[in-house]
1. Restricting attention to the stretch 114-171, report how many residues are in contact with a strand residue (DSSP E or B) (Cβ under 7 Å, 6 or more places away or on another chain) and either surrounded by 11 or more Cβ atoms within 10 Å (Cβ to Cβ) or in a helix (DSSP H, G or I) (or both).
2. Can you work out which of the residues in the stretch 212-267 that are touching a Phe, Trp or Tyr at 6+ places or on another chain (Cβ under 9 Å) and aromatic (Phe, Trp, Tyr) is nearest to Asn78 (Cα to Cα)?
3. Looking only at the stretch 107-116, count every residue that is in contact with a helix residue (DSSP H, G or I) (Cβ under 8 Å, 6 or more places away or on another chain) and closer than 22 Å to Thr248 by Cα and tell me the total.
4. Of all residues in the stretch 208-250, which are assigned to a helix (DSSP H, G or I) and buried (at least 16 other Cβ atoms within 10 Å of the Cβ)?
5. Among the strands (runs of 3 or more DSSP E) confined wholly to the stretch 13-70, which include 2 or more residues that are charged (D, E, K, R)?
6. If the requirement is being β-branched (Val, Ile, Thr) and under 25 Å from Thr129 (Cα atoms), which of these qualifies: Ile98, Ile103, Ile66?
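Laboratory data are not the source of any read-out in this text; all were calculated from the coordinates shown. Bear in mind that the values here come from a model prediction, so they are computed numbers and not experimental data. In this analysis, Cβ positions are derived from the backbone assuming ideal geometry, glycine residues included, and neighbour counts consider all displayed protein chains.
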Amino acid sequence: MSEPYNVGIDVSIDRLDVAIRPGGRAFCVTNDAAGWAELLARLPRGAIAAIGLEPSGGYERNVVRILLAAGFSVRRINPNKLRQFARAAGALAKNDRIDARLIADYITVMPTRVVERNPAIERLAETVTMRRQLCDEHIAVESRASHLEDALLQRIAKRRLTRIKVDIVLLDKRLAELVAAQPDLVQRFRLLCSMPGVGATLAYTLLALLPELGQIGRKQIAALVGLAPYAFDSGRFRGQRHIYGGRTAVRNTLYMPALVQSGTAHLPPSPRCRGQEAESRDRRGHAQNAHHP
């Protein structure tokens with residue numbers, strides 16, 4: 001029985017570079033409908049164990065769908081892990097053909113997770129991502145607007161901020177509709193919101209960007225989010241533990257709810273709070289002096 005093949009595909013805007021292991025075959029096709037059909041036709045006829053791709057800003061989305069529909073086992077490769085693998089293998093040069101070969105070698109020897117399509121989760125994730133981008137844009141525009149002196153520029157910035165706020169409200173409604181259309185998502189959404197500190201925005205983010213929640217252990221979830229402290233020890237030396245990697249969007253959304261739930265009594269009061277406390281003391285002092293001349 002022949003050894004199963006592993007296929008690596010490097011994705012760019014207009015091209016797919018393909019490498020096949022074992023055998024060393026390599027070719028490239030266009031990243032469009034004609035190229036995807038050619039890719040399926042040129043893949044080896046024998047058993048294919050896995051096909052690996054490196055995420056490329058969404059340009060890989062359609063070819064992943066085509067491969068899954070054709071019944072192949074597809075893996076998305078973490079770009080950071082792939083570069084570490086390349087350095088360990090002594091591959092210092094980088095181009096599309098080399099990357100395709102490295103992806104094929106990576107999925108041959110390293111454990112990887114199978115891509116499973118869920119159209120409802122994909123739409124939810126796309127909407128959550130757009131909402132986060134709008135929130136970031138709102139912060140940036142608001143920061144720039146605070147330094148504007150020209151009246152016309154101030155009006156333009158104000159209109160942009162209003163438009164962004166309206167779009168965020170529309171996306172909130174869209175997220176509610178997407179969740180309401182899926183009974184399993186409705187159940188998980190209610191369960192998440194029943195926890196102290198978890199609101200709708202965090203619940204949507206967890207549903208969309210952390211679908212593994214509830215399916216794997218808490219330590220694995222912490223590592224996925226990037227909240228697991230990793231050891232840095234050697235012999236008798238005990239180094240500091242630090243978190244590393246993970247899903248930044250989920251971690252950033254978790255920050256404020258976690259801060260609120262952890263309690264803020266140990267934190268120093270903000271300058272605004274200190275000013276309010278000073279004003280309150282002054283008012284009490286004036287009142288006492290008025291009663292006791």
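1. Final tally of qualifying residues: 1.
2. Per the criteria, the residue is Tyr244.
3. Matching residues across the stretch 107-116 total 2.
4. Ala208, Leu209, Ile221, Ala223, Leu224, Val225, Ala249, Val250, listed by residue number.
5. Answer list for the stretch 13-70: 15-21.
6. Checking each option against the conditions leaves just Ile66.
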